[in-house]
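The values are calculated or read from the model by the stated rules, or taken from the named source; none is laboratory data. The shown structure was predicted, so the numbers you read here are calculated from the model rather than taken from an experiment. A quick note on method: Cβ atoms are made from the backbone with ideal geometry, for glycine too, and the neighbour counts reach across all protein chains shown. In case anyone asks, the SASA skips ligands and DNA or RNA and just uses the protein heavy atoms, side chains included. Shrake-Rupley method; radii C 1.70, N 1.55, O 1.52, S 1.80 Å.
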There are 4 protein chains.
Amino acid sequence: MSGAHVDLNSDVGESFGRWELGDDDAVLRVVSSANVACGFHAGDASTLRRCCETAAAHGVVVGAQVGYRDLAGFGRRFIDYDPTELTDDVVYQIGALEAVARVAGTRVAYVKPHGALYNATVHHAEQARAVVEAVRAYDPELPVLGLPGSRLLAAAEAAGLRTVREAFADRGYTPEGTLVPRSEKGAVLSDPAVVADRVVQLVTEGTVVAVDGSTVQVRADSVCVHGDSPGAVAMATAVRDALGEHGVDLRAFA
Amino acid sequence: MSGAHVDLNSDVGESFGRWELGDDDAVLRVVSSANVACGFHAGDASTLRRCCETAAAHGVVVGAQVGYRDLAGFGRRFIDYDPTELTDDVVYQIGALEAVARVAGTRVAYVKPHGALYNATVHHAEQARAVVEAVRAYDPELPVLGLPGSRLLAAAEAAGLRTVREAFADRGYTPEGTLVPRSEKGAVLSDPAVVADRVVQLVTEGTVVAVDGSTVQVRADSVCVHGDSPGAVAMATAVRDALGEHGVDLRAFA
Amino acid sequence: MSGAHVDLNSDVGESFGRWELGDDDAVLRVVSSANVACGFHAGDASTLRRCCETAAAHGVVVGAQVGYRDLAGFGRRFIDYDPTELTDDVVYQIGALEAVARVAGTRVAYVKPHGALYNATVHHAEQARAVVEAVRAYDPELPVLGLPGSRLLAAAEAAGLRTVREAFADRGYTPEGTLVPRSEKGAVLSDPAVVADRVVQLVTEGTVVAVDGSTVQVRADSVCVHGDSPGAVAMATAVRDALGEHGVDLRAFA
Amino acid sequence: MSGAHVDLNSDVGESFGRWELGDDDAVLRVVSSANVACGFHAGDASTLRRCCETAAAHGVVVGAQVGYRDLAGFGRRFIDYDPTELTDDVVYQIGALEAVARVAGTRVAYVKPHGALYNATVHHAEQARAVVEAVRAYDPELPVLGLPGSRLLAAAEAAGLRTVREAFADRGYTPEGTLVPRSEKGAVLSDPAVVADRVVQLVTEGTVVAVDGSTVQVRADSVCVHGDSPGAVAMATAVRDALGEHGVDLRAFA
């Protein structure tokens, strides 16, 4: 399929002080876009700077992965934020990473919510609008990366922001094209070869095989892979290699 | 004295969540430059945003008051930072405030260290260089506000940054022109009229009366006043009024 | 009314480092039970120690006011904790305060959740059980102070813990005997004389006048008053004085 | 050598939320005393609880490893604490761990400072006294584990506390019996067999071979081993095995 391309994104910069998490150097050799933590759910300033330097060296685009202020919970617990405070916290995080990125020779080129904030903004209209308002107020040229059909992307579109649709390499899909909930069978796939094949089909044909065996249309501009374990890096590499073998270029969306 | 002018600066933005500190609205009607906390020693994102909005409304210039990561100690305890980590933390803080300021319609126009970091960088060459390196790497056009004779201003000058010399309205001076240590008699002055007169003399004649009664030369581009108590705001107002009566204009240095 | 008695409780120990909140010294001269913050939503260790020393000096009983780990939100934002982690965090907080209290010459004599955790455990069965499990595992002799009809008290009772029912001096009640939601008219009362009279009626007759004018039965072993503003302390004092005038003794429940 | 015995201690409980550090399960099968973090430099409440449960299951004695309030710096940066605040923070930490330990079926049996606080209290008399005052006020029966010749042990002795002298399995010693500074050659030993032999000599003969080849007397009641890497666990195991082969029993001091 001539001219086909896609973006691969992954979470990085999630170490904190003495605590290391993930193999950022390995991941940044695989992906085209890096969702860099901003210090609220993970990521001290030195981790972010090193991460941005490595991203810059590999030509990987940096995005701000904004999250709840919750180091102990790693941003994975829903917090019932006041929307204005959420907007302010997101602006603060984008700016902090922007400064670090600038010093490292790059810049923040998109925004993606992390963890529980990502999940919340699929359905929670107020928090979705709060995140979008932060991006709009800070820089309306920044695209927002999120789940197709989410409140987040709807709010971003309504605010005139560019939206980027994300698919997940290792997640199962329902016949309706939504993610299989993590509590259900078939939610997460673990075989790198299977995952790589699915991503190729997703990118070249715009479809995935759902949990019930049916084929469902899924449109995505970026595919999320992981890097927080050796197995995850191996899977991400398998995805990248398979895309290359099928003539699909990796190309950052931003 | 025709054409005389000086800058008045004060710390603001030091509330945190439920905890309020200082009367920022009152202070921002008095000073020409606002040292806004950046979240590490004080200041949540919503406090910073409100503070920057008020500063913008009153035409007060915003500076980044960077500090140690120590909310419990309010940045008033020396921390033996690794210099690279200090540089990274300062970049992070400047950027966070810059984003908030931008959304509020203004921008970060200078940098001043807070509390124990301010005191440390008077003598501690490594930490002084670490702060300066952050400013230089982030934006070499940003001036650094600090104590005359400090390692901080020396390092800033060596790095090609603009330096701004600060005097303290309510502090006693030694015959050598340095601050009387807080542990000694005469370190802090409390009479607003006396303080106001001293600032007028400082600005119009470039001198202060030292603790031993001698007159000593002190050059300052900005005078620090406080706002964390009703008495402090009254004193700052007295200083501003006295300067006005002597034909001294308030003018931000940045 | 011979032999009548009640407990008055209030939140204290909610300063943090440089930030002061409430007039603990004044409040501890009024109440019989002090809900002392434990460091997660507010309260540094030195604040807690001073607070416990003052409580001990005035014969005020100390309770652990446990909360979410959320200084920036002052524990007022619901956090979707894993129940086991909530149990562990509550045990940690009780123990921290217990040590401080012991050094100050007193001890933790009961547990009351704070803010959003208090509100959550009215309805949220899992979090209610998680708090109760912490108390039961730490010391099943500790009573739990909470809202009558709450999941919290139900879970505490089911676990064999002693439960203590709380009423709010300054809150309006529905004809069903529940609190008027804060978003509705009549939710909060501000006249100290009115509030004092209502508390006297509550304690001596077991009833309050609801928002619709009807008289409703409300049973309470402890009445919550506030101390985070000069007006709040004045109201608490009015309540105490009115109780005294009606021959009601203040008596801690623990 | 009939009747010889020694204690082996190691730092555990230093994970935090999503971030794992060290192999506590492996370490707790090797040592007789566990220095469990208390949440200020590392260790969330759930980590501490699991760690205490495992320690209890293996009959390992639990000590409170108290540290500076500095998660970002992992307690490895000197902080110029006010001594009273340090005392209060140490009491708070001991109590928090005590509650968690109690729920896990064990208790805090000794106190050891962590990281920069350990290093500071070797020479810093005020901080040493502040730590000791916390232990004395909380429970004067708790022994203090520290470096022979340190201000910490001197202050503990002066306060009537039991002191426990510690040696380091993998550190070089000067001819004076002090540790070779980390910046110098011979500061750290990496060969498990060599380290094991040295510990055997230390325990059975009370001597070590110093960096200059001389034999120096070193008295220690407990030997510190590490567990924060697979190599560290292997070394700790080698030490334990060598002691067993030489008839030295592992026996906790507390």
HN-Hα J in Hz across segment C:50-61 - Karplus 6.51, -1.76, 1.60, θ = phi - 60°, x for Gly and Pro: 4, 5, 5, 4, 5, 4, 4, 5, 9, x, 8, 6
One would report the antiparallel percent of DSSP beta bridges in chain A, rounded to the nearest 5, as 20
With 40 Å as the cut-off, how large is the P(r) tail for the protein assembly as shown, expressed as percent of Cα-Cα pairs? 50
For the protein assembly as shown, the dipole about the Cα centre with charges only on Cβ (Lys and Arg +1, Asp and Glu -1), to the nearest 20 debye, works out at 0
So what's the net charge close to B:ASP80: Lys and Arg +1, Asp and Glu -1, counting the other residues with Cβ under 11 Å from its Cβ? -2
Given the options D:VAL218, D:ALA238, D:LEU202, identify the residue whose Cα lies farthest towards the positive end of the charge dipole of segment D:131-254 (+1 on Cβ of Lys, Arg; -1 on Cβ of Asp, Glu). D:VAL218
For segment B:207-254, the percent of all C-alpha pairs falling in each 10 Å bin, from 0 up to the bin holding the max distance, is 21, 41, 36, 2
Magnitude of the Cβ-charge dipole (Lys and Arg +1, Asp and Glu -1) of segment D:4-250 about the Cα centre, nearest 20 debye, reported as 100
Once each part is reduced to its C-alpha centroid, what is the distance from segment D:47-61 to segment B:186-254 in angstrom? 61
Copies compared at D:GLU141 - label distances in nm, ascending, label defined 7 Å from Cα in the Cβ direction: 1.6, 6.9, 7.0
Over 18 Å [Cα-Cα, segment B:71-179], rounded percent: 50
Kirkwood-based Rg/Rh on the Cα set of segment A:1-69 evaluates to 1.03
If only Cα atoms are counted, what is the Rg of segment A:4-250, and what is its Dmax, in Å? 16.9, 49
Taking A:HIS226, B:HIS58 and ranking on accessible area (1.4 Å, protein atoms only), highest first, one gets B:HIS58, A:HIS226
Across the identical copies, how the B:ALA57 labels are spaced - nm, sorted shortest first, 7 Å along Cα→Cβ: 4.2, 4.8, 6.0
Counting only Cβ atoms, what residue of chain C lies nearest to the axis that sends chain C onto chain A, and how many whole Å off? C:ILE79, 3
Classified through the alpha carbon gyration tensor (a ≥ b ≥ c as square roots of its eigenvalues; rounded if a/c is under 1.5, else prolate when a/b is larger than b/c, else oblate), segment B:31-94 comes out prolate
Taking the full set of protein chains and a 1.4 angstrom probe, give the accessible area of D:GLU53 in square angstrom, rounded to the nearest 10. 80
Using DSSP loop states and a limit of at most 11 other Cβ atoms within 10 Å to flag trypsin sites (Lys or Arg not before Pro), what is the longest stretch of chain D containing no flagged site? D:1-181
At C:ASP82, with labels set 7 Å past Cα in the Cβ direction, how many nm apart are the copies from this one, shortest first? 2.8, 3.1, 3.7
How large is the convex hull of the C-alpha atoms of segment B:113-240 per residue, in Å³? 116
